[in-house]
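Here the structure is laid out as structure tokens; the discussion comes afterwards.
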Amino acid sequence: MVGSNFGIIYHPSAGGGSGTSGQTNSSGGGPSNFNASTGGDRAAHLSDFMLQLEDYTPLMPDAVTAHYLNMGGFHADDKRIVRLISIATQKFMSEIIDDALQHSKARTHLQNSNTPGGSKAKDRKFTLTMEDLQPALADYGINVRKMDYSQ
């Protein structure tokens, strides 16, 4: 998980809730209200994240990310913004590839279970194919079809 590389703690109630800033949760056994934390805590977490982002090198180079952002009409002077988008892209791609790997494992397991004496899963090397990538991308709403070569 990308967020764990930076030590960021995700609080699902950070964006909303009925509590106001400055109030504390006075119930003895209940969970503490995240909105009760001061704005300084959030700013400290954000500044720590931004400092760590400067030192982190994503798999996709900054020049590649900046090029595609510029092609899309987005120009960012701050390299931290470009790196943040690179990390988000890296996470998105890794989730798709992981899903494709799971589809490939399920497909090969079905093929090996039908044949007597099939190869063991430990000895198997997986290759990313369109047959596995199409259902993984479809889970994210991306439809990929083969080109019609008859035209």
Checklist outcome for this item: Two pseudo-spin positions, 7 Å from Cα along C-beta at residue 145 and at residue 44, lie apart in nanometres by 5.6
Item to check | Theoretical gain in end-to-end length, residue 90 to residue 68 [0.36 nm per residue, Cα-Cα removed] | outcome: 6.5 nm
Checklist outcome for this item: For residue 91, counting only aspartates and glutamates whose alpha-carbon sits under 14 Å away and dropping same-chain residues fewer than eight positions off, the answer is 99
Checklist entry - Tell me which aspartates and glutamates have Cα within less than 19 Å of residue 105's Cα, excluding those fewer than 8 residues away on the same chain? => result 95, 123, 131, 132, 139
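FYI, it's all coordinate maths here, none of it is from the lab. Remember, it's a predicted structure, so these values are computed and weren't measured experimentally. For neighbour counting, all protein chains shown are included, and Cβ atoms are generated from backbone atoms with ideal geometry for every residue, glycine included.
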